[in-house]
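Enquirer: What follows is a structure written as structure tokens; I'll ask about it next.
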Amino acid sequence: MPLELVDTIGGMSTTAIAAIADGKGGYAIDEVQIGDPGPGEVMIAIKASGVCHTDLKVLPRWPAMIMGHEGAGVVIALGAGVTDLAAGDRVC
């Protein structure tokens with residue numbers, strides 16, 4: 001399931017829905033809190049994301065993690081020092 005923006009950015013953490021590996025070979029869909037982007041970071045509203053075989057291969061070996069490392073979306077917030085992107089830019 002793709003990471004999906006639930007709340008808007010407002011100077012505090014943002015709530016999102018994510019597929020979270022439990023570190024025991026399974027996963028659950030749950031809400032997570034995402035803080036504002038730090039220096040050099042960008043927050044993206046993910047519009048599409050894949051949980052592929054690479055994610056599934058590491059399930060039994062890794063501790064809890066948010067799955068889905070391939071994505072495309074729209075920039076919604078920039079951290080300090082980010083100059084090559086702007087809010088509204090499409091990224092993949």
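Enquirer: Of all residues in the range 19-39, which are farther than 19 Å from residue 75 by Cβ and small (Gly, Ala, Ser)? Step through it out loud before you land on a result.
Expert: The first filter runs over the range 19-39 and keeps only residues farther than 19 Å from residue 75 by Cβ, leaving 19-33.
Listed by number, the residues that qualify are 19, 21, 23, 25, 26, 28.
Enquirer: Quick one: would you say residue 83 is of a type in the set (Ser, Thr, Tyr) and at pLDDT 85 or above? Before the answer, list the steps.
Expert: Working: of a type in the set (Ser, Thr, Tyr): yes; at pLDDT 85 or above: yes.
Against the criterion (of a type in the set (Ser, Thr, Tyr) and at pLDDT 85 or above), residue 83 qualifies.
Enquirer: Can you find, within the range 41-71, the residue that is modelled with the lowest pLDDT among those that are surrounded by fewer than 15 Cβ atoms within 10 Å (Cβ to Cβ) and not in a loop (DSSP other than H, G, I, E, B)?
Expert: 58
Enquirer: Let me ask something else. Output the residue which, of all residues in the range 1-40 that are in contact with a Gly (Cβ under 8 Å, 6 or more places away or on another chain) and of a type in the set (Gly, Ala, Ser), is modelled with the lowest pLDDT.
Expert: Within the range 1-40, the match that is modelled with the lowest pLDDT is 13.
Enquirer: Considering only residues of the range 73-92 that are free of Cβ contacts under 8 Å to residues at least 40 places away in the same chain and among the β-branched types (Val, Ile, Thr), which is surrounded by the fewest Cβ atoms within 10 Å (Cβ to Cβ)? Walk me through it before giving the result.
Expert: Here is the first cut: in the range 73-92, the ones free of Cβ contacts under 8 Å to residues at least 40 places away in the same chain are 73-75, 83-84, 86-90, 92.
Cutting the leftovers down to among the β-branched types (Val, Ile, Thr) gives us 74-75, 83.
Numbers: 74: 15, 75: 18, 83: 6.
Within the range 73-92, the match that is surrounded by the fewest Cβ atoms within 10 Å (Cβ to Cβ) is 83.
The values are calculated or read from the model by the stated rules, or taken from the named source; none is laboratory data. What you see is a predicted model, and the numbers here were worked out from it, not measured in a lab. All Cβ positions, even for glycine, are placed from backbone atoms using ideal geometry, and neighbour counts span all protein chains on display.
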